[in-house]
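Please treat every number below as a calculation from the coordinates, not as lab data. These numbers were taken from a predicted model, which means no experiment stands behind them. In this analysis, Cβ positions are derived from the backbone assuming ideal geometry, glycine residues included, and neighbour counts consider all displayed protein chains.
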Amino acid sequence: VSADAVRDVRDKFWLWAGNIGARNAPESAFSLESRLGAAVELLEQVADLINDLIDALATPRDRFSKALQTTGQRKTPFLDQFDISHVAERYPKLKREDSRWLCERLGRAITKRRQVLRYLHDHRSRAGKSMYTKVGSVSTGPSTKASTLDVARLALLEAGGLDKEDTKSYVSASSSFLMTGSGDATLSLPSLAEVSKGEAIFECPLCFGIQTMSKDWEWRQHVFADLKAYVCTLGNAECDVNLFGDSQSWFDHEMQCHRRKWVCILCYKGPFGSPQGIEAHIQTAHMNVLAHGSPLQIIMDASQQSVDFLPARECPFCDDWAESLEVNTTFPEGVAATEVVVTVEPKQFRRHVAFHQEQLALFAIPRTLKDRNDGKGTQVSS
């Protein structure tokens, strides 16, 4: 978007704000507050629209953090034990004592997603309480079709001419999100065609934002970005709060911060799997080099290498994948399978582990009361 286009929209916005009195002080007789003083519902709707605008301008990270903060203040907070138990039951490998911390991190991440989805749903429901018509001149609302604020209803409100039924709150039908799969079955998303109903512009049933995507892969990416579907599977407590909206950002974090190796640049011994390992080696085997003033950290940094392959058994969720690869791998004659470590490229490893994380993220989405498992959902590729 060009700077001239932005300035043009800004100028139009200021002109509109001035025309309706939004730029006048609240105590002024010409202010928007004064004009709507007799119609509290319309005044509240305008306030909601402004809040919606603020939310729309916020980044996804801001909205996620705000949602967690808001729902965290509820009198009935979300409990994470159910989600932690689900993770353990779905992936028994995480029941091991040395993996318990990751099981808890993954379960708490699901609970956080539930909090965010509840916040977004409640926010959308509150917006639904506002009265929308196709009369008037001020365009408002999150609907995918043109909707307007009907200031002409002010006279009816003052005269008590509105039927009680007409003022009820209606929640968008899209707030019911149909999921395919249950129990240990593979969960899949509704297809883009189901969600958009063939419209070029539609409302996302998760974040309730207006979307214009046309490809199923774009829809999948959007959902997992809304859910922040990926968490660090290796880091300590400092990574507990890290939730990532795309698998590449998550895996880049792990590769750069946790999945590193070191081969001593002085004697090529290694690889070492941790900075402590390479440090101990240098201090033991190359004391003479350090004695001549060579900085230890520089040697360690120069010894660091990217990981070209990852053992399939390092998947924290399952052993099935590694076992299937081992069955289909031809080993040298006389070499037992137990003596060989089957490795995969980082991209393969990322896609496999991302699939497990996506399955857990989808578990946070509320199921509808009516089971309509028609098998037409969009499968989440691994």
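A few comments on the model shown:
- Cα-based shape type of the stretch 257-345, given that a ≥ b ≥ c are square roots of the gyration tensor eigenvalues and the cut on a/c is 1.5: prolate
- Coil-residue GluC sites (Glu not before Pro) of the stretch 264-348, DSSP, other Cβ within 10 Å capped at 13: GLU333
- For the stretch 214-304: rounded, prolate or oblate by the Cα gyration tensor [a/c cutoff 1.5]: prolate
- Between ALA193 and GLN221, the modelled label-to-label distance comes to 2.2 nm, taking each label 7 Å out from Cα in the direction of the beta carbon.
- In the stretch 218-250, chymotrypsin sites (Phe, Trp or Tyr not before Pro) in a DSSP loop with at most 14 other beta-carbon atoms within 10 Å: none
- Given R0 = 35 Å, the distance between the Cβ atoms of ALA285 and ALA237 translates into a calculated FRET efficiency of 0.60.
- Test item: Cα-centred dipole of the stretch 221-304, Lys/Arg +1 and Asp/Glu -1 on Cβ, debye: 360
- Global geometry of the stretch 1-45, whether rounded, prolate or oblate, following the gyration tensor of its Cα atoms and the 1.5 cut on a/c: prolate
- With 0.36 nm allotted per residue and the present C-alpha distance subtracted, the TRP101-SER249 stretch has 51.1 nm of extension available.
- Cross-link pairs LYS12/LYS197; LYS66/LYS112; LYS12/LYS215; LYS66/LYS228 - those with Cα-Cα distance over 23 Å: LYS12/LYS197; LYS12/LYS215
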